[in-house]
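The values are calculated or read from the model by the stated rules, or taken from the named source; none is laboratory data. If you're wondering where the values come from, they're calculated on a predicted model, not measured in any experiment. Here Cβ is always computed from backbone atoms with ideal geometry, including for glycine, and neighbour counts include all displayed protein chains. When the accessible area is computed, the model is the full protein with side chains, heavy atoms only, and any ligands, DNA or RNA have been set aside. Shrake-Rupley method; radii C 1.70, N 1.55, O 1.52, S 1.80 Å.
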Amino acid sequence: MHEMSIVESILGILREEMVKYDGQKLTKVTLKNGQLAGVVTESLQFAWEALIPGGEFDGAELEIIEVPVKVACGECGEVFSPDHTRCMPCPKCEALLGHTVLEGKELLIDSIEVDDQQ
Amino acid sequence: MSKEVTIVRNVLEANDRLADELQNNFRVKKILCLNLMSSPGAGKTTLLERTLTDLKDEFKMAVIEGDLQTDNDAQRVAATGAQAVQINTEGGCHLDSGMVMDALKAIDTDGLDILFVENVGNLVCPAEFNVGEDYKVTLLSVTEGDDKPEKYPFMFHISAVMLLNKTDLLPYVDFDLNKAEAHAKKLNKDIQVMPISARTGENMEQWYAWLRKKRAEKL
Ligand SMILES: [Zn+2]
């Protein structure tokens with residue numbers, strides 16, 4: 001389970017960002033987790049809840065938005081969201097190979113919420 | 001007052017930055033770096049032992065070893081005469097660029113031709129983290145299921161080579177080489193599939209030819 005080390009990476013970025021909001025409190029983080037990013041939302045949430053209490057971001061909430069896969073067919077260019085992430089037949093020409101992933105591989109911190117009443 | 005701020009930062013950016021730095025370093029020094037991944041027991045160490053021994057006169061090679069409970073693997077590798085450094089992942093399921101960077105300090109990279117990074121035995125997590133490699137190589141043994149590529153698609157999607165190891169055991173196991181190859185090619189049409197036996201040495205020439213070619217391309 002690499003979700004622990006992913007949470008550590010998230011914390012590193014948050015520390016960098018929070019320098020800009022000196023004296024304010026982080027209340028919420030919104031993360032985008034692509035279906036193909038290989039990160040299990042529940043495990044990430046679990047790792048967050050295990051690592052956050054008692055630390056500098058105590059009480060901050062983690063919201064994870066799962067981003068579905070969107071690909072462009074390698075044969076005909078049709079853009080579609082496949083039913084499965086393993087086998088992705090194109091709905092137009094049935095091609096299985098060579099699709100370009102447009103969305104669904106990302107693992108991004110999208111936004112944060114800070115509170116200036118402290 | 002609470003306010004929302006848009007950031008949009010890639011969570012793995014720190015690792016990616018270090019991976020880029022490693023890659024530059026390898027480019028300048030003309031070192032071919034391979035990230036070797038497999039499930040536990042697929043035979044990575046045996047593959048390395050034979051490769052390091054057979055190509056000893058041709059290339060200067062080193063191994064960064066992340067697959068550990070003990071240092072047995074590093075000792076087996078070091079016995080071939082190649083430099084070997086072991087990383088303690090402290091139970092971690094994969095190597096990352098920072099660990100490789102630290103391990104490199106213990107390796108003499110002057111005149112080094114090929115660096116193998118033997119990742120932690122695991123078909124999921126190592127696929128997510130670049131370690132500055134030129135290519136990812138996945139080793140699958142015929143004692144595992146031929147449906148592995150289908151079960152762990154990402155690993156095979158991003159690997160340049162799939163080595164199918166332990167072909168000397170094919171008569172005794174229910175493993176369909178063609179099926180495994182077809183699955184892997186469905187995920188990655190460019191993947192090179194090489195059935196080998198690192199134990200008996202069968203078909204190792206194909207693997208060595210690939211290494212020679214990729215090494216030459218770095219010059
Ligand atoms: Zn199509």
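Points to keep in mind about this one:
- Isolated cysteines of chain B, defined as having no other cysteine beta carbon under 4.7 Å away, are B:CYS33.
- Cβ-placed point charges (K, R +1; D, E -1), dipole of the stretch B:1-93 about Cα centre in debye, nearest 20: 260 debye
- Taking GluC sites (Glu not before Pro) as exposed when DSSP calls them loop and at most 15 other C-beta atoms lie within 10 angstrom, chain A has its longest site-free stretch at A:1-55.
- Equivalent-ellipsoid semi-axes for chain B (Cα gyration tensor, √(5λ), whole Å, largest first): 28, 23, 16.
- Proximal lysines to B:LYS186, defined as alpha-carbon separation beneath 17 angstrom and excluding residues fewer than eight positions away on the same chain: B:LYS148, B:LYS151
- Taking each DSSP H run with n ≥ 4 as -39500 (n - 2.57) and averaging over every residue of the protein assembly as shown yields -9500 deg cm²/dmol at 222 nm.
- Under 24 Å of direct C-alpha separation, and excluding same-chain neighbours fewer than eight residues apart, B:LYS60 reaches these lysines: B:LYS29, B:LYS30, B:LYS44, B:LYS105, B:LYS136, B:LYS213, B:LYS214, B:LYS218.
- Carbon plus sulfur fraction of accessible area for the protein assembly as shown, probe 1.4 Å, in percent: 48 percent
- The residues of the stretch B:83-196 expose on average 38 square angstrom of accessible surface per residue, using a 1.4 Å probe on protein heavy atoms.
- The alpha carbons of the stretch B:1-40 stretch over 54, 33, 9 Å along the principal axes, in descending order.
- Distances between placed amide hydrogens fall under 5 Å for A:LEU31 paired with A:GLU63, A:ILE64, A:ILE65, A:ASP110, all partners being 5 or more residues away or on another chain.
- Protein accessible surface hidden between A and B, which excludes ligands and nucleic acids, total in Å², probe 1.4 Å: 2500 Å²
- With only the Cα atoms considered, the protein assembly as shown has a convex hull volume of 156 Å³ per residue.
- Heavy-atom accessible area order for B:ARG27, B:ARG9, B:ARG76, largest first, 1.4 Å probe: B:ARG27, B:ARG76, B:ARG9
- The largest accessible area among A:HIS84, B:HIS157, B:HIS183 belongs to the first residue in A:HIS84, B:HIS157, B:HIS183, and the rest follow in falling order (1.4 Å probe, all chains).
- Of B:PRO153, B:PRO126, B:PRO195, the one that fluctuates the most in a GNM where chain B has Cα springs shorter than 10 Å: B:PRO153
- Reduction of at least 30 Å² in accessible surface, 1.4 Å probe, comparing all protein chains with the chain by itself, residues of the stretch B:71-110: B:CYS93
- Mean separation of Cα pairs under 8 Å and 6 or more residues apart, divided by the residue count, gives chain B a relative contact order of 24 percent.
- Nearest-10 value in Å² for the accessible area of B:LYS213, using the 1.4 Å probe: 110 Å²
- With K and R counted +1 and D and E -1, the other residues having a Cβ less than 15 Å from that of B:GLU21 yield a net charge of -3.
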